[in-house]
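> First the structure, which I've put down as structure tokens, then a few questions once you've had a look.
What follows is calculated from the coordinates using simple rules that are stated; it is not laboratory data. Bear in mind that the values here come from a model prediction, so they are computed numbers and not experimental data. Positions of Cβ are backbone-derived with ideal geometry, glycine not excepted, and every protein chain shown enters the neighbour counts.
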Amino acid sequence: AKKMGHNNYQFFDKSKHTIDPNTLSKESALFRAIENDDFQLFYQPKYDVNKDQIHGFEALVRWPQEGSNIISPAEFIPIAEQNGAIIPLTLLLMKQLFKQLEIWRSQDVNFGKVAINISALHFQQSSLVETLTECLTNYDVPARCVELEITESAMMDNPEFAQQQMNRLKALGFTIALDDFGTGHSSLGYLKRFPIDTLKIDRSFIKDIVDNEQDRNITATIIRLAKYLNIDVIAEGVETKAQAYMLHVMGCSYMQGYYYSRPLHVDKVAEFVNKSNA
Ligand code: C2E
Ligand code: CA
Ligand code: CA
Ligand code: CA
């Protein structure tokens, strides 16, 4: 029997760790923060340049500290993925998201879907389907309001399971986006076989798209591939007008990045939507 608590948390696996005091103290702080429900979702707009309106949002976790400091997910998500804390953390974030979507719906704040990031470890658990089914039962939010962002690694370890899992999630009404596309090792065959709704072109290809012909060619190829497979395609990390223009010319009409907006505090979302849709 596994007890809950900082030092004997049910997902904690000491054997996986070399004893780095810095990581260990971060870990116990992470478990405490999960118990205290300290995490906050921020929301970054996804833009539809053809319709000139908001296409949706991506929910991104933030860990606020004393004062105005915030720890970046790049620092703690890898630790949470290693020790399994990512699962209870994501459960909290899902509840937070569904609760918030219920509020926005009741206030008539209208936009497309909100995407939530699901780690590979979590995607490979059948409990994910039950958890999301519970969210649909407990909150007045239809599944079509929520997109699940997964990475190629979530599909590659066990493609048969991944395919079944995706089919179950799609049957519930969720859509699925393949995150950081181009950085992993997914085969084109999987793309065709799996029920993926959206490809997110990784920022590493977008960053130098204006000056680097190779990045431009790769990006153009991903856009054509998505069109061919009848999958939506969105560019991430769009920071400049020149990048946005080039992507639009290439046929990409969904964009996300600082050029459009940084991730927003929850209290700023309604205002942003009303301003953009005005
Ligand atoms: P990601 O899923 O690829 O998310 C996109 C990251 O790029 C976010 O960083 C976002 O703030 C950042 N970004 C957006 N536009 C731009 C831009 O124009 N330029 C640049 N330089 N960056 C941009 P963030 O929020 O720090 O998250 C980093 C990573 O942490 C995410 O990458 C994702 O892998 C992970 N993550 C964040 N939130 C969650 C979460 O709730 N659950 C899980 N499992 N992972 C999360
Ligand atoms: Ca993402
Ligand atoms: Ca991404
Ligand atoms: Ca990324």
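> What ³J(HN,Hα) values, in whole Hz, does the Karplus curve 6.51 cos²θ - 1.76 cosθ + 1.60 give for segment 173-184 when θ = phi - 60°, with x put for Gly and Pro?
Result, ordered by residue: x, 6, 9, 10, 10, 9, 7, 6, 4, x, 9, x Hz.
> Also, I was wondering about something else. Under a point spin-label approximation (7 Å from Cα along Cα-to-Cβ), what is the F161-D108 distance to one decimal in nm?
Output for this residue pair reads 4.7 nm.
> Hey, another quick one. In segment 78-221, what is the count of Lys pairs whose alpha carbons are under 27 Å apart, counting only pairs at least 8 residues apart or on separate chains?
Final tally of qualifying lysine pairs is 13.
> Any chance you could get the radius of gyration and Dmax over the Cα atoms of segment 133-265, in Å?
Here Rg and the maximum Cα pair distance are 15.8, 49 Å.
> Using 0.36 nm per residue of separation minus the Cα-Cα distance, give me the extension gain between V249 and S72 in nm, one decimal.
Separation in residues times 0.36 nm, less the Cα-Cα distance, equals 60.4 nm.
> How far is helix 127-138 tilted off the main Cα axis of the chain, in degrees rounded to 10, range 0 to 90?
80
> Just to confirm a number: summing +1 for Lys and Arg and -1 for Asp and Glu over residues other than T183 whose beta-carbon lies under 12 angstrom from that of T183, what do you get?
-3
> Quote the FRET efficiency, to the nearest 0.05, computed for R62 versus E35 with a Förster distance R0 of 25 Å and r equal to the Cβ-Cβ distance.
Working from the Cβ atoms, E equals 0.90.
> If you take all C-alpha pairs in segment 141-211, what percent of them are over 17 Å apart?
Across segment 141-211, Cα pairs with separations above 17 Å total 44 percent.
> Looking at segment 63-132, which GluC sites (Glu not before Pro) are in a loop (DSSP not H, G, I, E or B) and have at most 14 other Cβ atoms within 10 Å?
E66
> Still on this structure: Give me the extension gain from L136 to T183: residue separation times 0.36 nm, minus the current Cα-Cα distance, reported in nm with one decimal.
13.7 nm
> Could you work out how far apart the two model spin labels at R144 and Y228 are, taking each label as a point 7 Å from the Cα in the direction of the beta carbon, and quote it in nm?
Label-label distance for R144 and Y228, simple model: 3.1 nm.
> Give me the angle, in degrees from 0 to 90, between the Cα long axis of helix 21-35 and the longest principal axis of the Cα atoms of the chain, rounded to the nearest 10.
90
> Which is the longest run of the chain containing none of the trypsin sites (Lys or Arg not before Pro) found in DSSP loop states (not H, G, I, E, B) with at most 12 other C-beta atoms within 10 Å?
Free of exposed loop sites, the longest segment is 52-278.
> Please name whichever of T175, F57, M155 sits farthest to the positive end of the charge dipole of the chain, dipole taken about the Cα centre and charges placed at Cβ: Lys and Arg +1, Asp and Glu -1.
Going by the charge dipole, the pick is T175.
> Still on this structure: Which of the three applies to segment 169-243, rounded, prolate or oblate, going by the alpha-carbon gyration tensor with a ≥ b ≥ c and a/c under 1.5 meaning rounded?
prolate
> In terms of modelled amide H atoms, which long-range or inter-chain residues lie less than 5 Å from the amide H of A115?
Amide H neighbours of A115, under 5 Å, 5+ apart: F57, E58, A59, E147.
> Next up: Starting from the Cα gyration tensor of the chain, multiply each eigenvalue by 5, take the square root, and state the resulting semi-axes largest first in whole Å.
In descending order, the three semi-axes are 30, 22, 20 Å.
> Working only with C-alpha atoms, what are the Rg and Dmax values of segment 193-278, expressed in angstrom?
14.2, 40
> Taking amide H positions as placed in the peptide plane 1.01 Å from N, state which residues far from Y47 in sequence (5 or more) or on other chains have amide H under 5 Å from it.
Sorted by chain and number, the residues that satisfy this are H55, M255, Q256.
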